[in-house]
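*Asks:* Take a look at this one; I'll ask things after.
The values are calculated or read from the model by the stated rules, or taken from the named source; none is laboratory data. Keep in mind it's a predicted model, so treat the numbers as computed, not measured. Here the Cβ positions follow ideal geometry from the backbone for every residue, glycine too, while neighbour counts run over all protein chains shown. All accessible areas refer to the heavy atoms of the entire protein, side chains included, with ligands and DNA or RNA removed. Shrake-Rupley method; radii C 1.70, N 1.55, O 1.52, S 1.80 Å.
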Amino acid sequence: MAVLRLGGGVRGGLRRETLRGGELTFESPRGLAAATLFLIEALPRRPAARVLTGMDTEGAVALAARALGASSAVTWFHLDAYVAAKVRRVLHANGVADIAARVAAEVPAGPFDLVVLPFPASSESQLMWDLLEAGHDALVAGGRLIVATDGKPDALRAAVKKVFRNVTPGAFGRRGGASFYATRRREGAVLADRAHMGRAVIRPADGAAPLSLDLETRPGTFAYRRLDAGTRALAEAWAPAAGGRAAGAVLDVGAGCGALGIVAALRLPTARVTLVDSNARAMDCAGRNAERMGVGARVTTYVRADFEDLPEAAFDVVLANPPYFGDFRIARSFAGAARRALRPGGRAHFVARTGKAAAALAEILGAALGPATSAERGAYTIVTATR
């Protein structure tokens, strides 16, 4: 019986779950996610030679496929480098060096004999379709798909049937959720282009001329099909001349499709701008957006798990619209990145919803850089601190 450990290899207080009639045991702090459990139980008895899985947060299915005898190669992938770094730690803790953990803007092209993907109830609908179609195209003729959800199964069943033109039910959970199988029978590719081109007009509060941004976003990226209201608030409130020193270098932290950094590049015609995000697909869009807006030669993009390996003390301005879930862990990470990146006297401009989030952000940014000031702009607050 193979014993596989999740949660970075932590030994204390672990929950043990034995699956597949005793073939596999997992130890993890919180237990396996329901969709992951369904997928592991649904893996075929006869090992597939080339297996693609991923889009989960701990690599459990990849570990299971390897332990059950996938005979040639197991590839795990995700759009997000932060998640990939976590999975690599799990693989290392289990002594596994032969699973390829990849960060990519696209589903790896294959060919694969088996594609295994989870679709939690919280999954974005358009990303689900994108992954199913790309999974179809990555399979060899006759290759199999296994998918599972912990939510209501009807939408996933219907999507699989439409993409593959066949679907077979697997296990159904007592409290909702299910797994499904499908086989690639169609010869041609089915992946549709779901990139969305949108125009956003930025009206700077300092009276400068409006800027029209043509921005591409894709499923699985922040603010798909729209410019986030917080990003707009910061883009319009930020004034390049503030602070009295011309900015020669700007860093957009958690850049998404690149809107803030592109605004900075347009408003500072000689500045170099760096965009960084953990989402590879977002950075792919951001690079194209910079080229489209005529600033590509001055814009550099980085995919980073946690802002590692960026130039230190090299920037005059840091712009950021951090998410605030997870007890502000990501906001603290953004603030730490700003501290490392800014030159003495450089300024960080962050945005948050007015209220508790803005108050917490002011405290976080103040602790990282120095006393912070706040200025409300509608439903949002711009928080500024100087290193």
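*Asks:* Could you tell me which numbered condition ALA335 fails, if it satisfies all but one of (1) within 26 Å of ARG225 (Cα to Cα); (2) touching a helix residue (DSSP H, G or I) at 6+ places or on another chain (Cβ under 6 Å); (3) in contact (Cβ under 8 Å) with a residue 24 or more places away in the chain?
*Replies:* In the conditions (1) within 26 Å of ARG225 (Cα to Cα); (2) touching a helix residue (DSSP H, G or I) at 6+ places or on another chain (Cβ under 6 Å); (3) in contact (Cβ under 8 Å) with a residue 24 or more places away in the chain, ALA335 misses (1) alone.
*Asks:* List the helices (runs of 4 or more DSSP H) inside the range 34-98, counting only whole elements, that have at least 2 residues being among the small types (Gly, Ala, Ser) and surrounded by fewer than 23 Cβ atoms within 10 Å (Cβ to Cβ). Can you show your working first?
*Replies:* Numbers: elements: 34-42, 60-67, 81-93.
In the range 34-98, 34-42, 81-93 are the helices (runs of 4 or more DSSP H) which contain 2 or more residues that are among the small types (Gly, Ala, Ser) and surrounded by fewer than 23 Cβ atoms within 10 Å (Cβ to Cβ).
*Asks:* Test ARG184 against the criterion of being at pLDDT 95 or above, surrounded by fewer than 16 Cβ atoms within 10 Å (Cβ to Cβ) and of a type outside the set (S, T, N, Q), and give yes or no. Working first, answer last.
*Replies:* Details: at pLDDT 95 or above: yes; surrounded by fewer than 16 Cβ atoms within 10 Å (Cβ to Cβ): no; of a type outside the set (S, T, N, Q): yes.
Considered against the rule, which asks whether it is at pLDDT 95 or above, surrounded by fewer than 16 Cβ atoms within 10 Å (Cβ to Cβ) and of a type outside the set (S, T, N, Q), ARG184 comes out as no.
*Asks:* Scan (1) open to solvent by 40 Å² or more (accessible area, probe 1.4 Å); (2) without any contact (Cβ under 8 Å) to a residue 60 or more places away in the chain for the single condition ALA171 breaks and write down its number.
*Replies:* Against the list (1) open to solvent by 40 Å² or more (accessible area, probe 1.4 Å); (2) without any contact (Cβ under 8 Å) to a residue 60 or more places away in the chain, ALA171 comes up short only on (2).
*Asks:* Would you confirm whether any residue within the range 137-159 is open to solvent by 70 Å² or more (accessible area, probe 1.4 Å), more than 28 Å from the chain's Cα centre (by Cα) and on the phi > 0 side of the Ramachandran plot?
*Replies:* There is no residue in the range 137-159 that is open to solvent by 70 Å² or more (accessible area, probe 1.4 Å), more than 28 Å from the chain's Cα centre (by Cα) and on the phi > 0 side of the Ramachandran plot.
*Asks:* Same structure again: Return the pairs, sorted by first residue and then second, in which the second residue is open to solvent by less than 10 Å² (accessible area, probe 1.4 Å) and acidic (Asp, Glu), the first residue lies in the range 51-62 and is in contact (Cβ under 8 Å) with a residue 24 or more places away in the chain, the beta carbons are less than 7 Å apart, and the residues are 6+ apart or on different chains.
*Replies:* As it stands, the answer is none, since no pair meets every condition given.
*Asks:* Among the residues of the range 370-383, write down those that are open to solvent by 20 Å² or more (accessible area, probe 1.4 Å) and either without any contact (Cβ under 8 Å) to a residue 60 or more places away in the chain or of a type in the set (Lys, Arg) (or both).
*Replies:* Residues of the range 370-383 that are open to solvent by 20 Å² or more (accessible area, probe 1.4 Å), as a first pass: 371-380.
Residues satisfying the conditions are PRO371, ALA372, THR373, SER374, GLU376, ARG377.
*Asks:* Could you tell me whether ILE364 is open to solvent by less than 60 Å² (accessible area, probe 1.4 Å), closer than 24 Å to ARG232 by Cβ, part of a helix (DSSP H, G or I) and touching a residue at least 40 places away in the same chain (Cβ under 8 Å)? Even if it seems obvious, please write down each step before you answer.
*Replies:* Values: open to solvent by less than 60 Å² (accessible area, probe 1.4 Å): yes; closer than 24 Å to ARG232 by Cβ: yes; part of a helix (DSSP H, G or I): yes; touching a residue at least 40 places away in the same chain (Cβ under 8 Å): no.
It is false that ILE364 is open to solvent by less than 60 Å² (accessible area, probe 1.4 Å), closer than 24 Å to ARG232 by Cβ, part of a helix (DSSP H, G or I) and touching a residue at least 40 places away in the same chain (Cβ under 8 Å).
*Asks:* Any idea which of (1) under 29 Å from ALA182 (Cα atoms); (2) out of contact with any His (no Cβ under 6 Å at 6 or more places or on another chain) is the one ARG5 doesn't satisfy?
*Replies:* (1)
*Asks:* OK, next. Mind checking which residues of the range 274-294 are in a helix (DSSP H, G or I) and of a type outside the set (D, E, K, R)? Steps first, please.
*Replies:* Applying the first criterion (in a helix (DSSP H, G or I)) to the range 274-294 yields 280-292.
Result: ALA280, ALA282, MET283, CYS285, ALA286, GLY287, ASN289, ALA290.
*Asks:* Suppose the filter is farther than 24 Å from ARG288 by Cα and free of Cβ contacts under 8 Å to residues at least 12 places away in the same chain; does ASP154 pass it? Spell out the reasoning first.
*Replies:* Details: farther than 24 Å from ARG288 by Cα: yes; free of Cβ contacts under 8 Å to residues at least 12 places away in the same chain: yes.
Considered against the rule, which asks whether it is farther than 24 Å from ARG288 by Cα and free of Cβ contacts under 8 Å to residues at least 12 places away in the same chain, ASP154 comes out as yes.
*Asks:* Only one residue in GLY220, GLY243 is of a type in the set (Gly, Ala, Ser), touching a strand residue (DSSP E or B) at 6+ places or on another chain (Cβ under 8 Å) and at pLDDT 95 or above, so which one is that?
*Replies:* Values: GLY243 fails: at pLDDT 95 or above.
Just one listed residue meets the conditions, GLY220.
*Asks:* Name the single residue that is most open to solvent (accessible area, probe 1.4 Å) among those in the range 323-344 being in a strand (DSSP E or B) and either hydroxyl-bearing (Ser, Thr, Tyr) or within 18 Å of ARG272 (Cβ to Cβ) (or both).
*Replies:* Going residue by residue through the range 323-344, those that are in a strand (DSSP E or B) are 342-344.
Now narrow it down to the ones that are either hydroxyl-bearing (Ser, Thr, Tyr) or within 18 Å of ARG272 (Cβ to Cβ) (or both): 342-343.
Working: LEU342: 0, ARG343: 81 Å².
So the residue we want is ARG343.
*Asks:* Only one of these conditions is not met by ALA271: (1) farther than 24 Å from ALA229 by Cα; (2) touching a Ser or Thr at 6+ places or on another chain (Cβ under 8 Å); (3) surrounded by 18 or more Cβ atoms within 10 Å (Cβ to Cβ). Which number is it?
*Replies:* (2)
*Asks:* Within the range 288-332, work out how many residues are among the hydrophobic types (A, V, I, L, M, F, W, C) and over 25 Å from ALA85 (Cβ atoms).
*Replies:* Restricting attention to the range 288-332, the residues satisfying the condition of being among the hydrophobic types (A, V, I, L, M, F, W, C) are 290, 293, 295, 297, 299, 303, 305, 307, 310, 313-315, 317-320, 325, 328, 330-331.
Then drop every residue that is not over 25 Å from ALA85 (Cβ atoms), which leaves 290, 293, 295, 297, 317.
So the count comes out to 5.
*Asks:* Right, here's the next one. Just checking, how many residues over the range 345-361 are crowded, with 20+ Cβ neighbours inside 10 Å and among the β-branched types (Val, Ile, Thr)?
*Replies:* Of the residues in that region, 1 qualify.
*Asks:* Moving on. Looking at (1) of a type outside the set (Asp, Glu); (2) part of a helix (DSSP H, G or I); (3) in contact with a Phe, Trp or Tyr (Cβ under 9 Å, 6 or more places away or on another chain), which one does ALA265 not meet, given that it meets all the others?
*Replies:* All conditions pass for ALA265, except number (3).
*Asks:* Counting only residues that are closer than 14 Å to VAL295 by Cβ and out of contact with any Asp or Glu (no Cβ under 8 Å at 6 or more places or on another chain), how many does the range 241-258 have?
*Replies:* 1
*Asks:* Further question: Among the residues that make up the range 77-97, is at least one of them more than 23 Å from the chain's Cα centre (by Cα), farther than 29 Å from TYR302 by Cα and among the aliphatic types (A, V, I, L, M)?
*Replies:* no
*Asks:* Among what's in the range 289-321 and is open to solvent by 40 Å² or more (accessible area, probe 1.4 Å) and touching a strand residue (DSSP E or B) at 6+ places or on another chain (Cβ under 6 Å), pick the residue that is modelled with the lowest pLDDT.
*Replies:* Once the filter is applied, the top-ranked residue is ALA313.
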